[in-house]
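Let me begin by presenting the structure, written as C-alpha cells, before commenting on it.
Coordinate-derived values only; no laboratory data. No experiment lies behind these values; they were computed from the predicted model shown. No Cβ is skipped: glycine too gets one built from the backbone with ideal geometry, and neighbour counts run over all protein chains shown.
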Amino acid sequence: MVATGGVPRTLNLPGSDLKNILVLRSFDSADTIIAAAEKAQNVAVIGASFIGMEAAFSLRKRGKVVTVIAPDKVPFQKTLGSEIGELFQKEHEANGVKFSLGSNVKGFEGDGSVKRVMLDSGDSIEAELVIVGVGVRPATDLLEGFELHKDGGVIADQYLSIGNDIYAAGDIVHFPAARTGDTRRIEHWRTSLQQGRVAAHNMAGTPTPFTAVPFFWTTQFDVTLNYVGHAVDWDEIKYEGDLASKDFLAFYVKGGRIVAVAGMNRDRELDIWEEKFRTGDASTRTISAG
C-alpha cells in the first residue's frame, strides 16, 4: 500500500533560505518549531487555514506575539466561508493574535536568521520565527507508471486500488465519493486512517468499497468546530442557531443538496447528519428536521 502523504509547500522568495522559516508536517518539525519558539518573541504565521490558525493558537498560548498573514479577506474563507472565518478571527483577536489579511509576502530579511517579513504593501512584520502553512502537494515522486491527477495525486477506484495490485490511502488519493460519484482528495488524518483500514481489507482479499463519511474538527482557544461531509465549494450556506453565541449548525448546499454540515455545540445533531450522509438521506428539505 502507498500512503506517502503530502509534502509541505514552501515559498521561493528572497530570503527564504534564512534560518527559522519552518513548516509543520511531522513530530520532528513540531519539535523544531517548539525549540525555535523558545528563543523567539515575535512569530509570523503565513496562511490562514487549519495549519496556520492552529499554529497561531498554539504559539499564542506559549506567550508569543503572533501575526497571521494571508491573501484572503478572512481565515478559512475557502473551506468554511466568511461568517465562520470571521468568528475564528474574532476569537483569535480576543486572545491577542494579530492579523495582516489581504496581504502577500514578497520576501524575508535577516542576518542569517529571519528578522522581518516583507509584504507587497511595503509594510514589514517583525518575526524571529516564521511558520509557513500554505498547503501541501501529494508525495508521489516515487511512483512510476501510474496515472496521476493534475495536482500530482494518484487516481484510485472505489476499492482504493491504483492498479497492478497496489492500493493507496491518505493525502495522495483521489477517490470516487460513495454517494455522489464525484472524485475528491481529502487531506484529513481521520480519512487517512479510514482508507488504510479499507485498503487492508482489499489487500487481504475481502472486497470492501470506501464509503466512510468525512469528518474533522478543530479546537482553537475555547472554540471547537466539528464538520461532517465534504464541500469543495457551495451555492449557499444556511444557518440554524446563532454564530455570535457559538451555538449553530451551518449547512453547505450545492445543487440543491446538503454536501457538508459544520457546527459548534451541536454534537448530537452532527451525529445525526453523519448518519444522514451515510444513508444518502441529505437534502435541503430535511434541514429543519436535523
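Below are the figures for this structure:
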| read-out | value |
| --- | --- |
| Net dipole in debye of the stretch 6-136 [+1 Lys, Arg Cβ; -1 Asp, Glu Cβ; about Cα centre; nearest 20] | 80 debye |
| Whole-Hz couplings from phi, Karplus 6.51/-1.76/1.60, listed for the stretch 163-180; x for Gly and Pro | x, 6, 6, 10, 10, 9, 8, x, 4, 7, 9, 8, 9, x, 5, 5, 9, 10 |
| Proxy reagent accessibility, fewest Cβ within 10 Å first, across D165, D72, D235, D171 | D165, D235, D72, D171 |
| Potential extension, K254-D182 segment - 0.36 nm per residue separation minus Cα distance | 24.6 nm |
| The chain: calculated mean residue ellipticity at 222 nm from DSSP helix runs of at least 4, using -39500 (n - 2.57) | -7000 deg cm²/dmol |
| (i) 58, 50, 29; (ii) 59, 42, 32; (iii) 48, 45, 44, with the label sought being that of the calculated Cα extents along the principal axes in Å | (i) |
| Candidates A231, A35, A70: whichever shows maximal mean-square fluctuation once the chain is modelled as a Gaussian network with Cα springs under 10 Å | A35 |
| L142 versus L13: modelled label distance in nm, points set 7 Å from Cα along the beta carbon direction | 3.2 nm |
| Amide proton proximity set for G6, modelled H, under 5 Å, gap of 5+ | A139 |
| Counting DSSP beta bridges with both ends in the stretch 6-136, the antiparallel % (nearest 5) | 35 percent |
| Rounded to the nearest 20 debye, dipole of the chain from Cβ charges on Lys, Arg, Asp, Glu | 140 debye |
| Neighbourhood charge, 12 Å Cβ-Cβ cut-off, centred on G110 and excluding it, Lys, Arg +1 and Asp, Glu -1 | -2 |
| Extension reserve of the T219-D233 stretch, reckoned as 0.36 nm per residue once the Cα distance is removed | 2.8 nm |
| Difference of contour (0.36 nm per residue) and Cα-Cα distance, E38 to T79 | 11.6 nm |
| Summed residue charge, Cβ within 12 Å of G280's Cβ, Lys/Arg positive, Asp/Glu negative | +2 |
| Under Karplus coefficients 6.51, -1.76 and 1.60, residue-wise ³J(HN,Hα) of the stretch 236-247 in Hz, glycine/proline x | 7, 10, 9, 10, 10, x, 10, 4, 4, 8, 6, 9 |
| Within a Gaussian network of the chain (alpha carbon springs, distance under 10 Å), most fluctuating of G280, G153, G263 | G280 |
| Computed FRET value (nearest 0.05) for T208 with S113, which takes r as the C-beta separation and R₀ as 45 Å | 0.35 |
| Around S29: net Lys/Arg minus Asp/Glu count, Cβ-Cβ under 15 Å | 0 |
| Exposure rule at most 10 other beta-carbon atoms within 10 Å, DSSP loop trypsin sites (Lys or Arg not before Pro): the chain longest free segment | 151-290 |
| Leading residue at positive end of dipole, the chain (Cβ point charges), from L143, I131, I172 | I131 |
| Candidates I131, I51, I34: whichever shows maximal mean-square fluctuation once the chain is modelled as a Gaussian network with Cα springs under 10 Å | I34 |
